[in-house]
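Worksheet: one structure, shown below.
The values are calculated or read from the model by the stated rules, or taken from the named source; none is laboratory data. Note that the coordinates shown come from a computational prediction; the quantities given were computed from them, not determined experimentally. In this analysis, Cβ positions are derived from the backbone assuming ideal geometry, glycine residues included, and neighbour counts consider all displayed protein chains. Just the protein is used for accessible areas: all its heavy atoms, side chains included, with ligands, DNA and RNA removed. Shrake-Rupley method; radii C 1.70, N 1.55, O 1.52, S 1.80 Å.
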Amino acid sequence: MPYRVTVSAHFEAAHNLIDYPGGPEPLHGHSYRVEAVLESEDLKQHDVAVDFVAANKALDAIAKEFDYKYLNEHPAFAGRNTSAENLAHYFAERLEAWGQAAGARVAEVTVWEGTKNRAMFSRGSRQ
């Protein structure tokens, strides 16, 4: 698709991987940053592919589910690791419905754990 727009959100949260070599990780926290790349085939009203304000609002609403929370208690992660990879996939799935209504698709979501580590979920090409 010719147009790509990136929006981001931040949240603070605690977690621990429950399935990890040597047993569960100790409880710890991160400053998370989420970046979502949305694609659109064409420009919409006002010559924008994706409205930054609306896209940021949608992404922020998802991030608020986790802000200052213990990620392992979120229903989407019951019995699953709260890895950056699983978080990226969750954000992509949740944002996809908003994107479809806005005439866009989620191309990829990157979740940063702090400033050094990140994981990306990419939808790949849909033909």
For the stretch 31-55, which positions are in contact with a Ser or Thr (Cβ under 6 Å, 6 or more places away or on another chain) and either assigned to a loop (DSSP other than H, G, I, E, B) or open to solvent by less than 20 Å² (accessible area, probe 1.4 Å) (or both)?
VAL37, ALA49, VAL50
Select from the stretch 87-97 the residues that are open to solvent by 30 Å² or more (accessible area, probe 1.4 Å) and under 9 Å from the mean Cα position of the chain (by Cα) and list them in ascending order.
HIS89, TYR90, GLU93, ARG94
Under 8 Å between Cβ atoms, which residue pairs at least 6 apart in sequence (or on different chains) link something in the stretch 1-24 that is closer than 30 Å to ALA55 by Cβ with a partner that is open to solvent by 70 Å² or more (accessible area, probe 1.4 Å) and of a type in the set (Lys, Arg)?
SER8/ARG33; ALA9/ARG33; HIS10/ARG33; PHE11/LYS64; ALA13/LYS69; ALA14/LYS69
Tabulated pairs, the stretch 56-76, first farther than 13 Å from TYR32 by Cβ and open to solvent by less than 60 Å² (accessible area, probe 1.4 Å), second assigned to a helix (DSSP H, G or I) and modelled with pLDDT of 95 or more, C-beta under 7 angstrom, 6+ apart or interchain
ALA58/LEU95; ALA76/TYR90
Tell me, yes or no, whether the stretch 19-30 has at least one residue that is touching a Ser or Thr at 6+ places or on another chain (Cβ under 6 Å) and in a strand (DSSP E or B).
no
Can you name the number of the only condition in (1) surrounded by fewer than 14 Cβ atoms within 10 Å (Cβ to Cβ); (2) outside any strand (DSSP E or B); (3) touching a Ser or Thr at 6+ places or on another chain (Cβ under 7 Å); (4) not polar (S, T, N, Q) that GLU12 fails?
(2)
Checking ASN81 against (1) polar (S, T, N, Q); (2) assigned to a loop (DSSP other than H, G, I, E, B); (3) surrounded by fewer than 19 Cβ atoms within 10 Å (Cβ to Cβ), which single condition isn't satisfied?
(3)
Taking LEU59 and the conditions (1) under 22 Å from GLY124 (Cα atoms); (2) of a type in the set (A, V, I, L, M, F, W, C); (3) not in a helix (DSSP H, G or I), which numbered condition does it fall short on, given that it satisfies the others?
(3)
